[in-house]
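Okay, structure first, notes after.
The values are calculated or read from the model by the stated rules, or taken from the named source; none is laboratory data. Bear in mind the structure is a predicted one, so any value in this text is a computation, not a measurement. Neighbour counts run over all protein chains shown; Cβ positions are idealised from the backbone, glycine included. The area values use the complete protein model at the heavy-atom level, side chains included, leaving out ligands, DNA and RNA. Shrake-Rupley method; radii C 1.70, N 1.55, O 1.52, S 1.80 Å.
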Amino acid sequence: MYHSRNHLFGKRKYLFGLILLLFVSVICVAFSTEDSNDFDIAKREVLLRKIGHELLLQSGDNTSRVLPVKKIAENEYQITFENDLTFQPDSLMNTTRHFLDKAPLVGDYIVNVLNCSNGSVAYGYTISKNKEDEIVACTGRSQPRACYIINIKFKPTGINTAKNGYLLASLPFLAFVGFVFFKSVKPRRVLRDNHHANKFTLGSVLFDAKNRKLIINEKTIDLTGTETRVLLIFALSPNEIIERSRLQKEIWEDDGVIVGRSLDMFISKLRKKLEIDPNIKIVVIRGKGYRLEISS
């Protein structure tokens, strides 16, 4: 019997370690993927500025500025300029391909040159890894000098989408395995905790949580259900700071009720009932919460 119990405990311990290892691995992969993507996206924005700089040079302007690149959607950017410019469609297409075709996280993309005045499309084309999907028109015709906005929209990359999908899909599996594991362990643990959590010695006061009473020198003081729940949290962590938000959440918000000054009222009532022992005090920790102080 003893051997089988140890064997079962060992199996549970091993399973818990495996779940923890898998969970940490998924989190690490997710964060490393996110960090890598953030770096590649930042690099892509730098390349967009270089495209703007190159267009100004081709327009004969080597003094005015490329304004900050605007990200207007998840995969869509706009390059704007300080002054008007002119451009050759062929040169624009060759410039974007030169900087973007080998850049990370860049697959297919659409380039539209917009008129600043009304947002109409002055010129546009589509670049694709599959040459048959490319759409290029009106090459060889110089565009008049005017205020233009270069709008570039990237197609989301399938690799990252799939990678994120695998990461997200693995989390419910880990959650399910963890639920099954902890469900099998929890009942005995709860019974054990309840057995020891019925009564607490607070200084010279006996706190009977089950029967909602404070007992000292054969004198009994009754507690309400809410007072009992508040004091139980303090009794489980004496001389430790209990955050105000935790008390509100565990006592009221978990039941769907959000309170403001109700907590202060119950703390005040508890203080009066604990005055039977001057060595027990609930003190306010400014900006944090409360602490049940028990002096020896």
Give the stretch 121-139 a look and list any residue that's at pLDDT 85 or above and surrounded by fewer than 13 Cβ atoms within 10 Å (Cβ to Cβ), or say none. V121
Only residues that are buried (at least 17 other Cβ atoms within 10 Å of the Cβ) and farther than 18 Å from Y290 by Cβ: list them for the stretch 222-232, please. none
Of (1) modelled with pLDDT under 65; (2) hydroxyl-bearing (S, T, Y); (3) touching a strand residue (DSSP E or B) at 6+ places or on another chain (Cβ under 6 Å), T33 satisfies every one except (3)
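Matching residues to (1) under 22 Å from G119 (Cβ atoms); (2) modelled with pLDDT of 90 or more; (3) open to solvent by 90 Å² or more (accessible area, probe 1.4 Å); (4) among the charged types (D, E, K, R):
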site	(1), (2), (3), (4)
M1	no, no, yes, no
R5	no, no, yes, yes
V24	no, no, no, no
D38	no, no, no, yes
L55	yes, yes, no, no
T80	yes, yes, no, no
F99	no, no, no, no
Can you find a residue in the stretch 260-276 that is of a type in the set (V, I, T) and modelled with pLDDT of 90 or more? no
Evaluate the following for N239: is it of a type in the set (S, T, N, Q) and in contact with a Ser or Thr (Cβ under 6 Å, 6 or more places away or on another chain)? no
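Could you list, in sequence order, the residues of the stretch 140-164 that are modelled with pLDDT of 55 or more and exposed (fewer than 11 other Cβ atoms within 10 Å of the Cβ)?
Going through the stretch 140-164, the residues modelled with pLDDT of 55 or more turn out to be 140-158, 164.
G140, R141, P144, G158 - these are the residues of the stretch 140-164 that are modelled with pLDDT of 55 or more and exposed (fewer than 11 other Cβ atoms within 10 Å of the Cβ).
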